[in-house]
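These notes are about the structure you will find just below.
The values are calculated or read from the model by the stated rules, or taken from the named source; none is laboratory data. None of the values given here were measured: they were computed from a predicted structure. Neighbour counts run over all protein chains shown; Cβ positions are idealised from the backbone, glycine included.
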């Protein structure tokens, strides 16, 4: 099985809620791990359906071509954990400027120093 790394853009076979069919979608790996012998990836969804106004935590990928994406795309702030078995292949890797943008986006939610009640 191929191993992927943080910042890789991969093609994932996402199951529909009925678990009977799937759809191939790009995703950004933001973390890796395993439970016993079962590897998994923490991902963010990628879409080419870019609205005229982005949501608060959406991020437009500026280097989409260099990152291996076929068309202009954005990262949607939907985090999922997926089994490594449904990751089909690597499309590319997120470039440095976009990595910084995603890192900033994630830190707005997860890197706050104040861990008290919100």
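If I filter the stretch 43-65 down to residues being outside any loop (DSSP other than H, G, I, E, B) and without any contact (Cβ under 8 Å) to a residue 40 or more places away in the chain, which single residue comes out as farthest from residue 108 (Cα to Cα)?
For the stretch 43-65, the residue satisfying everything is 47.
Out of everything in the stretch 1-10 that is surrounded by fewer than 16 Cβ atoms within 10 Å (Cβ to Cβ) and either under 22 Å from residue 60 (Cβ atoms) or modelled with pLDDT of 90 or more (or both), what residue ends up being nearest to the chain's Cα centre (by Cα)?
6
Which residue, of 24, 78, is assigned to a strand (DSSP E or B), loosely packed, with under 15 Cβ neighbours inside 10 Å and under 10 Å from the mean Cα position of the chain (by Cα)?
Within the list 24, 78, the selection yields 78.
Scan the stretch 51-71 residue by residue and report those that are in contact with a strand residue (DSSP E or B) (Cβ under 6 Å, 6 or more places away or on another chain) and exposed (fewer than 14 other Cβ atoms within 10 Å of the Cβ).
60
Please state which one of 68, 116 is part of a loop (DSSP other than H, G, I, E, B) and modelled with pLDDT under 95.
After ruling out the rest, the residue left standing is 116.
Among the residues of the stretch 86-108, is any in a loop (DSSP other than H, G, I, E, B), over 13 Å from the mean Cα position of the chain (by Cα) and modelled with pLDDT under 90?
Scanning the stretch 86-108, I find no residue that is in a loop (DSSP other than H, G, I, E, B), over 13 Å from the mean Cα position of the chain (by Cα) and modelled with pLDDT under 90, so the answer is no.
Looking at (1) exposed (fewer than 10 other Cβ atoms within 10 Å of the Cβ); (2) out of contact with any strand residue (DSSP E or B) (no Cβ under 8 Å at 6 or more places or on another chain), find the lone condition where residue 16 falls short.
It is condition (2) that residue 16 fails.
How many residues does the stretch 37-50 contain that are surrounded by 11 or more Cβ atoms within 10 Å (Cβ to Cβ) and farther than 21 Å from residue 87 by Cα?
Residues meeting the conditions: 1.
Do we have residue 34 as loosely packed, with under 11 Cβ neighbours inside 10 Å, at negative phi, out of contact with any helix residue (DSSP H, G or I) (no Cβ under 8 Å at 6 or more places or on another chain) and in a strand (DSSP E or B) here?
Here the answer is yes, as residue 34 does meet what is asked.
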